[in-house]
Amino acid sequence: MISMMLAAALLLADAAAQPAAAEPAGAEQAGKKAKVNKDGLVCKNEPVLGSRMKTKVCMTAEQWEERKASDRESIERQQRINPPSN
């Protein structure tokens, strides 16, 4: 149940970010307050489910894109298996 809620939240967050896809990657990262360190890692503060604290997650830009694609695929797979009811 929690994983489906997380997947839905990721889908909504991704849908909200798609209009900014026409902008360069640097502009998108700046809008989300992501910071690139000297090693080329992009660090973001992500919320933790069930907590008010955020955790700092650092990955390369390529890894962030892979994670985004993987999250999207898992959401679509869940929706095919368990279609939302109205």
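Within the set of other residues whose C-beta is less than 10 Å from the C-beta of Lys56, count the net charge using Lys and Arg as +1 and Asp and Glu as -1.
That sum, taken over residues with Cβ under 10 Å, equals +2.
At Cys58 and Arg72, where each label point lies 7 Å from the Cα along Cα→Cβ, what is the point-to-point distance in nanometres?
2.7 nm
Taking 0.36 nm per residue of sequence separation and subtracting the Cα-Cα distance, how much length would be gained by fully extending the chain between Ile81 and Asp39, in nm to one decimal? Walk me through the numbers before you get to the answer.
Values: separation 42, 0.36 × 42 = 15.12 nm, distance 4.02 nm.
Net length gain for the segment: 11.1 nm.
Here, each number is a calculation from the coordinates, and none is a lab measurement. Here the structure is a predicted model, which is why all the values come from computation and not from measurement. Cβ: placed from backbone, ideal geometry, glycine included. Neighbour counts: every protein chain shown.
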